[in-house]
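As structure tokens, the structure follows; a few thoughts come after it.
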Amino acid sequence: MKPLADGTLPPESSAYWVALQQFEEAAAVLKLDEGMADFLRHPKRELTVNFPVTMDNRSVKMFTGYRVHHNTVRGPTKGGIRYHPNVDLNEVRALAMWMTWKCAVVNIPYGGAKGGVIVDPNQLSEDELRKLTRRYATEITIIIGPEGDIPAPDVNTNPQTMAWIMDTFSMHKGYSVPAVVTGKPIQIGGSLGRFEATGRGVMFCVREALKLKGKRLEEVTVAVQGFGNVGSTAAYLMAEQGAKIVAISDISGGYANAKGLDMAAVKAWMAGHKTLEGFSGGERISQADLLGCHCDVLAPCALENQLTAQTAPHVQAWLVAEGANGPTTPEADKILEDKGVIIVPDILCNAGGVTVSYFEWVQGLQSFFWTEQEINSRLERIMTEAFGAVMAQAEKYQVGRRVAAQTLAISRVAEAATLRGIYP
Ligand code: NAD
């Protein structure tokens, strides 16, 4: 691993280390010029903000947040905002870098960014969360905007969070700027289909990957780790297409039924509760049991570092669809590859969200809105084309699908950088 410009290396336990290791492997396959590789290894700019929030009991509490822009050669930066106690700068750097590659894989005109605040939002009241969001949005206003950097939801943030950020930015400008964020509620300029887009993209990718083995969704069993926006939507949509969902999990634990969970009952439960905690429609299993359960398709849709040297040997699925960003470590990649597991890598598998975010941004800039059917069919076309392009790349370079997706993305970004030239 090459040290960064400041002479340091990220800790081996960090997501940025994983992102850089993946990058080095792809850069070597591409025989990328070392100057270009060094340019692409580094985030372009990083903002750290420490800011106060007045809590409900009138005490003042300090919070730390980040916004990182990885690369802008293909367009303005795009990327989610995460609220989680484990957020740190190296995680945000990794997620920003993956966003650059993701936008390039689906060939949309964006670079990558990411943001995050170190906070457990479950410990905050709604009013505290609103104040935290508005203050964080104000602090990062200097580097976000509809032409420069457009945030979206990620773990523990949602359309309401985006509405608060949009309103905060708009108050500073003196007029409404809907295109400053995506993943907003429909009523204030959000796009139809955006909420489901990432999970829908996962479903399209699983459908395409199954075709490699001559299978269809109605013939397979699926386990989904993480039952938030991405995991739950992917599970419901795959179930709608006939797949049998045999296990699901969230932070409260796993729930399984080898004959298939009743997804209508799961949906009804989730409508009345924030989490799966207390759901009695399946046998309780551990997080580890879920990753190693008997199924055809495993969709990790929670956080980074879930399939590791410890958990990957127990995976029984023959297809892994990465709804989450960075769920598989490089060691686990090798283990799964040796087992013959087909991996649909994160930068392809979960790119449906940023694709419909792009549609939302375009609609917002034009104040002209599309039908849900137009959105879903455009998403389907982009996802299936990107899937095909990654498979072709794997064939061309005789590499695994992760390296294929990374080389496709990196070569597109490098080409754009070469055409633009290094300023001045
Ligand atoms: P979310 O907050 O809606 O859901 C996260 C889910 O994961 C929750 O159900 C939570 O309980 C569960 N979870 C957390 N820790 C867990 C653990 N240790 N084991 C099992 N479950 C756990 O978040 P989301 O938006 O669905 O994002 C999930 C993943 O997908 C993240 O990696 C995110 O970066 C990625 N992603 C999200 C989008 C999007 O549009 N929201 C787009 C692309 C990628």
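The values are calculated or read from the model by the stated rules, or taken from the named source; none is laboratory data. The structure presented is a predicted model; accordingly, all values stated were derived computationally and were not measured. Every residue, glycine among them, receives a Cβ derived from its backbone with ideal geometry; neighbour counts consider all protein chains shown. To get the accessible areas, we keep the full protein, side chains included, count just its heavy atoms, and leave off ligands, DNA and RNA. Shrake-Rupley method; radii C 1.70, N 1.55, O 1.52, S 1.80 Å.
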Pull out all pairs, ordered by first then second residue, where Cβ-Cβ is under 6 Å, the residues are six or more apart or on different chains, the first lies in the range 14-25 and is in contact (Cβ under 8 Å) with a residue 24 or more places away in the chain, and the second is open to solvent by 40 Å² or more (accessible area, probe 1.4 Å) and in a helix (DSSP H, G or I). Tyr16/Arg93
Please work out if Leu419 is buried (at least 17 other Cβ atoms within 10 Å of the Cβ) and of a type in the set (A, V, I, L, M). no
Just checking, how many residues over the range 1-42 are under 24 Å from Ala416 (Cα atoms) and of a type outside the set (Asp, Glu)? 23
Val320 is checked against (1) more than 10 Å from the ligand (Cβ to nearest atom); (2) out of contact with any Ser or Thr (no Cβ under 8 Å at 6 or more places or on another chain) and fails just one. What number does that condition carry? (2)
With on the phi > 0 side of the Ramachandran plot, modelled with pLDDT of 95 or more and within 14 Å of the ligand (Cβ to nearest atom) as the only criterion, which of Gly353, Gly326 stands out? Gly326
Of all residues being among the hydroxyl-bearing types (Ser, Thr, Tyr) and open to solvent by 10 Å² or more (accessible area, probe 1.4 Å) in the range 170-219, which is farthest from Pro153 (Cα to Cα)? Just the residue, please. Tyr175
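Yes/no per residue for (1) in contact with a Gly (Cβ under 8 Å, 6 or more places away or on another chain); (2) open to solvent by less than 10 Å² (accessible area, probe 1.4 Å); (3) at positive phi:
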{"residue": "Asn305", "(1), (2), (3)": "yes, no, yes"}
{"residue": "Trp318", "(1), (2), (3)": "yes, no, no"}
{"residue": "Lys334", "(1), (2), (3)": "no, no, no"}
{"residue": "Leu348", "(1), (2), (3)": "no, yes, no"}
{"residue": "Glu360", "(1), (2), (3)": "yes, yes, no"}
{"residue": "Gln366", "(1), (2), (3)": "no, no, no"}
{"residue": "Trp370", "(1), (2), (3)": "no, no, no"}
{"residue": "Ala386", "(1), (2), (3)": "no, yes, no"}
{"residue": "Met391", "(1), (2), (3)": "no, no, no"}
Can you name the condition, by its number, that Asn156 falls short on among (1) within 14 Å of the ligand (Cβ to nearest atom); (2) outside any helix (DSSP H, G or I); (3) on the phi < 0 side of the Ramachandran plot? (3)
Residues in the range 331-349 that are near the ligand (Cβ under 10 Å from one of its atoms) and either small (Gly, Ala, Ser) or in contact with a strand residue (DSSP E or B) (Cβ under 9 Å, 6 or more places away or on another chain) (or both): how many? 2
Looking only at the range 40-62, how many residues end up being surrounded by 18 or more Cβ atoms within 10 Å (Cβ to Cβ) and more than 24 Å from Thr182 (Cα to Cα)? 3
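Examine the range 172-182 for a residue that is within 10 Å of the ligand (Cβ to nearest atom) and modelled with pLDDT of 95 or more, and state whether such a residue exists.
Taking the range 172-182 as the starting set, the residues that turn out to be within 10 Å of the ligand (Cβ to nearest atom) are 182.
Among the residues that remain, those that are also modelled with pLDDT of 95 or more are: 182.
Yes; the residues of the range 172-182 include at least one that is within 10 Å of the ligand (Cβ to nearest atom) and modelled with pLDDT of 95 or more.
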Within the range 216-228, the residues that are more than 15 Å from the ligand (Cβ to nearest atom) and either hydroxyl-bearing (Ser, Thr, Tyr) or touching a Leu at 6+ places or on another chain (Cβ under 9 Å) (or both) are Arg216, Leu217, Glu219, Val220, Thr221, Val222
If we scan the range 129-143, do we find a residue that is of a type in the set (Lys, Arg), open to solvent by less than 10 Å² (accessible area, probe 1.4 Å), free of Cβ contacts under 8 Å to residues at least 60 places away in the same chain and under 22 Å from Met62 (Cα atoms)? no
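Confirm whether Met99 is surrounded by 24 or more Cβ atoms within 10 Å (Cβ to Cβ), hydrophobic (A, V, I, L, M, F, W, C) and either closer than 28 Å to Leu408 by Cβ or in contact with a strand residue (DSSP E or B) (Cβ under 6 Å, 6 or more places away or on another chain) (or both).
Judged against the criteria, Met99 is a match.
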Restricting attention to the range 69-87, and to residues there that are more than 14 Å from the ligand (Cβ to nearest atom) and touching an Asp or Glu at 6+ places or on another chain (Cβ under 7 Å), which single residue is most open to solvent (accessible area, probe 1.4 Å)? Pro76
Does the range 234-279 hold any residues that are of a type outside the set (D, E, K, R), more than 15 Å from the ligand (Cβ to nearest atom) and more than 17 Å from Met203 (Cβ to Cβ), and which are they? Asn257, Ala258, Ala264, Ala265, Ala268, Gly272
Among the candidates Gly231, Gly282, single out the residue that is small (Gly, Ala, Ser), within 11 Å of the ligand (Cβ to nearest atom), modelled with pLDDT of 95 or more and open to solvent by less than 60 Å² (accessible area, probe 1.4 Å). Gly231
Any hit, the range 205-214, residues being in a loop (DSSP other than H, G, I, E, B), away from the ligand (no atom under 15 Å from the Cβ) and over 22 Å from Ala389 (Cβ atoms): no
